[in-house]
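The values are calculated or read from the model by the stated rules, or taken from the named source; none is laboratory data. Note that the structure is predicted; figures quoted are calculated from it, not measured. Don't worry about glycine lacking a Cβ; one is built from the backbone with ideal geometry, like all the others, and counts go over all protein chains shown. To get the accessible areas, we keep the full protein, side chains included, count just its heavy atoms, and leave off ligands, DNA and RNA. Shrake-Rupley method; radii C 1.70, N 1.55, O 1.52, S 1.80 Å.
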Amino acid sequence: MAMNTRRHGADLNADLNEAVRAGATLGLFAAWALHDLEEVAMMPRWTRTRLPELRERIPGVPEAVWARLESLDGRRFAAAVGVMALVVGAAAADGYRTGGRSAFYQQALTGFGLHGFVHLAQAAATRGYTPGSVTSPLLVIPFTAWARRRLRAAGVLRPTTARDLALGLGTAAAATAASHTVADRLLRALDGRKPQRT
């Protein structure tokens, strides 16, 4: 009887560990998706209503930045988010496959958490709401902290150096830029296939 109780307890622990593993790894994709839903929902309206005011208030920003932001209509932004979903999904799946040990997953997790602070800095700099600034303190940063604690408790979190933080943030920025580039090309290719209206 004691042996059965011990085995049952071990099974419960294994299930709990599996749930935590899935939450910390696959949860990255879920947290990212909820965060990006805010961005997809709010970006077109924010761009339309806030950019003219910000352009006047912050004249030192290069014109190319304003032009790029103005070009982010709902369709283009949603396409870029779709491309990024592939990257984040692959990182989360690799994290799950490796029990959280994957360097790709850990770097994506670090980048995700740091980009939440970037959203907060953007909101502070513009003195108002920016897309992503609501879910950053409520979801992005807390989820990242929770997942890192779980990985640390499991003994699989790699030590994080200043270089790792810079790399995580740089990787997030590069992935964002690449997703927009790929989305632009895909949309141009799709638009080129549409029959011309006369």
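Specify the angular offset, from 0 to 90 degrees and rounded to the nearest 10, of the alpha carbon long axis of helix 74-97 from the longest principal axis of the alpha carbons in the chain. With rounding to tens, the tilt is 20 degrees.
Using 0.36 nm times the number of residues separating Glu56 and Asn17, minus their current alpha carbon distance, what extension gain do you get? Spell out each step's value before the answer.
On the way: separation 39, 0.36 × 39 = 14.04 nm, distance 5.28 nm.
The span from Glu56 to Asn17 would gain 8.8 nm if fully extended.
Rolling a 1.4 Å probe over the protein heavy atoms gives segment 12-150 an accessible area of 50 Å² per residue.
Does anyone have the angle between helix 162-193 and the longest principal axis of the chain? Alpha-carbon axes, 0 to 90°, nearest 10? That works out to roughly 50 degrees.
At full extension, Val134 and Leu34 could sit 34.9 nm farther apart than now, given 0.36 nm per residue minus the alpha carbon distance.
A Cβ-based charge dipole, computed about the Cα centre of the chain with Lys and Arg at +1 and Asp and Glu at -1, lands at about 180 debye. For the chain, the residue among Ser133, Leu69, Ala166 whose Cα projects farthest onto the positive side of the dipole built from Cβ charges is Ala166. For Ala85 and Ala64, the FRET efficiency from 1/(1 + (r/R0)^6), where r spans their Cβ atoms and R0 equals 35 Å, is about 0.85.
Note that segment 36-41 has calculated 3J(HN,Hα) couplings of 6, 4, 4, 5, 5, 5 Hz, one per residue in order, obtained from phi through the Karplus relation 6.51 cos²θ - 1.76 cosθ + 1.60 (θ = phi - 60°); glycine and proline are x.
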